[in-house]
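Just so you know, all these numbers are worked out from the coordinates, no wet-lab data involved. Computed from a prediction, not measured in an experiment: that's the story for all the values here. Reconstructed Cβ throughout: ideal geometry from the backbone, glycine too, with neighbour counts over all protein chains shown.
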C-alpha cells in the first residue's frame with residue numbers, strides 16, 4: 001500500500017509552497033487569465049496528478065485510479081443533482097408556471113420597496129438558490145428590483161446580498177454533498193453543523209437589505225419585515241438541515257419565510273409607502289395593474305414546489321432505505337502521513353437512489369402534472385444543456401483534482417504547514433472559503449478543493465471535527481457576491497453584461513461585514529458550543 005510522505009522535499013516550508021501550487025494555479029487561471037472554469041479545473045487537476053506522482057511519489061496507476069473515482073463521484077453525487085435541478089426550474093419557466101408564481105407573490109405584496117425587496121430578493125431568491133444556484137437568483141431577482149425603480153447596480157447588489165445565506169444549501173445541497181464526499185464526514189452531520197451556523201448568519205442580511213433600499217428611514221417601520229423574513233427562513237431551514245439533510249433547507253426555508261411574510265402583510269403593512277432611498281410613494285400608485293390569479297392558477301403555481309418537497313423528503317429522509325442501497329463500491333487506499341496506521345481512501349460508491357434521482361423523480365411528476373408538450377421538453381433540455389455543460393465538466397475535473405490532492409498526501413502536507421498557525425487558524429478558515437469562492441465562483445468547487453485540507457488541519461489542532469469544514473462552506477457562501485463567474489450569470493439580464501468588475505466592487509464592502517460576522521460566530525461556536533460541531 002502506498003505510504004504518503006509528509007515532507008517529501010526535506011524542508012517543510014518548501015514542501016508547503018509546492019503543495020500550494022495546484023490551488024494557486026487554479027485560482028490564477030480563473031481570476032487572472034479568466035479561463036473558463038472547466039478548462040481551469042482540467043489544467044489544475046492534471047498538474048495535481050503530476051505533482052503527486054513526481055514530488056509526493058504517488059504511484060501513477062493508483063493516482064489515475066483515484067482521479068477516475070473522484071471524477072465519477074463528481075458526476076454521480078453532484079452533477080446528477082444539479083442538472084435535474086436546472087431541468088426542473090426550466091420546466092417551470094418554459095411552461096409559464098414560474099411567471100404565475102411571481103405574479104402571485106407580487107399581488108400579495110405592496111409597492112413599498114422594503115416589502116418587495118424582502119419578498120423577492122430574500123424569500124424568492126432563497127427558493128431560486130435552493131433549486132438552481134449558479135447566479136440565477138441574481139438574474140431573476142435583479143430585473144424585478146430594477147422595475148421598482150432601484151438603480152441597476154444597487155438592484156444587483158441587493159439581489160447578491162440577499163442570496164448570501166442560502167448558498168451553502170444551493171442547488172439542492174450540492175456544496176454539502178461535495179464536502180461530505182471529500183472529507184468522509186457524515187452528510188447529515190455536516191448538514192446539521194452548517195445549519196446551525198447559517199441559522200445565526202441569516203439573522204443579519206434582511207436588516208442590511210432594508211437599509212440598502214430605504215436607508216435609516218426604512219428601519220422606523222420596516223423592522224417587522226426583517227424579523228419575520230429572517231425567522232421565517234430559519235424556521236424552515238434549520239429543522240430540515242438538522243434532521244433531514246442538505247437537499248431542501250433552502251426550499252423549505254424560503255417557502256416558510258414567504259408564507260410568514262404574506263401572513264404578516266394581511267395584518268400589518270408599513271404606514272408610509274417608501275420607494276428606493278426612503279422616498280415616500282403616493283397612495284395612488286398602490287394599485288396592481290395585472291388581474292389576480294384564479295384559485296386554480298394559484299394551486300398550479302405552488303404545485304411543483306409541493307411535489308418537490310414531498311418526493312425528496314420521502315425519498316431521502318432518515319426513514320428511507322433508498323439512499324443506503326449501494327450495489328457497487330470501488331477504491332484505493334494509502335497509509336496516512338498524519339495518523340499512523342490509518343488509511344486515506346479514494347472511493348467511488350454507486351448509490352442509484354441518491355438525491356439527484358429523487359429530483360429526477362420529482363421532475364417527472366411535475367412535467368406530467370403540468371402537461372409538458374414534446375416541443376416544451378425539447379426547449380427545456382436545450383436550455384438546460386446550454387446552461388450546464390460547463391458546470392458539469394467542472395464537477396468531473398474538480399473532484400478528480402480533490403481526490404488526487406487528498407490521496408497523494410499533498411493536502412496533508414499543506415495542512416501540516418498551516419497547522420503551525422495554531423488556534424488562530426480558526427479565523428483563517430472562513431477567509432479561505434471566502435477566497436476560494438470569490439475566485440472559483442462555486443461553493444461546491446471550493447468545498448471540493450479545501451474541504452479535506454480544512455478537515456485535516458482541524459484534526460492536527462484538536463478542533464471539533466465538523467468546525468473547520470463548516471466554516472469553509474459558510475465562508476464560501478459569503479464570498480458569492482464578489483465571484484466573477486457568479487456575477488457573469490447574475491448580470492446577464494441587466495445592462496452590466498461583461499462589466500462584472502463594477503458589480504464586484506459595489507458588492508465588496510458588505511461581504512467584508514458578513515465575513516466579520518461569520519468569524520465572530522465561528523469563534524463563539526468553538527468556545528461556547530463545541531458540541532454542535534462534533
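Compute the FRET efficiency between residue 302 and residue 375 as 1/(1 + (r/R0)^6), taking r as their Cβ-Cβ distance and R0 = 30 Å, and round to the nearest 0.05.
0.75
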Item checked: Helical mean residue ellipticity (222 nm; -39500 (n - 2.57) per DSSP H run of 4+; nearest 500) of the chain -> -22500 deg cm²/dmol
Check: Separation of the range 155-232 and the range 505-527 by C-alpha centroid, Å?
Finding: 12
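If r is the Cβ-Cβ distance from residue 61 to residue 329 and R0 is 25 Å, what FRET efficiency results, to the nearest 0.05?
Values: r = 19 Å, r/R0 = 0.77.
The value I calculate is 0.85.
Among 74-87, 170-183, how do they line up by average Cβ neighbours within 10 Å per residue, starting with the highest? Walk me through the intermediate numbers first.
Working: 74-87: 24.3, 170-183: 28.6.
Listed from highest to lowest mean packing, they are 170-183, 74-87.
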Notebook entry, point to check: What per residue convex hull volume, in Å³, comes out for the chain when only alpha-carbon positions are used?
Noted result: 142
Check: Does the range 306-346 classify as rounded, prolate or oblate by the C-alpha gyration tensor (a ≥ b ≥ c root eigenvalues; a/c under 1.5 gives rounded; else a/b over b/c gives prolate, otherwise oblate)?
Finding: prolate
Next item on the list: Using only the Cα atoms of the range 40-157, build the gyration tensor, take square roots of its eigenvalues as a ≥ b ≥ c, and label the shape rounded, prolate or oblate: rounded if a/c is under 1.5, else prolate if a/b is larger than b/c, else oblate.
Entry: prolate
Notebook entry, point to check: Where the centroid of each part is defined by its Cα atoms, how far is the range 40-57 from the range 65-136 in Å?
Noted result: 34
Margin query: Under the 0.36 nm per residue contour assumption, what length would be gained going from the current alpha-carbon distance of residue 505 and residue 39 to full extension?
Written below: 165.2 nm
Check: Relative contact order for the chain: what is it in percent, counting Cα pairs under 8 Å that are at least 6 residues apart?
Finding: 25
Next item on the list: With a Förster radius of 25 Å, plug the Cβ-Cβ distance of residue 107 and residue 271 into 1/(1 + (r/R0)^6) and report the FRET value to the nearest 0.05.
Entry: 0.75
Check: Once the piece of chain linking residue 421 and residue 339 is laid out straight, how much longer is it, given 0.36 nm per residue of separation minus the C-alpha distance between them?
Finding: 27.6 nm
Note to self: Show me the ranking of peptides 98-104, 276-282 by mean Cβ neighbours inside 10 Å, starting with the highest.
What the structure shows: 98-104, 276-282
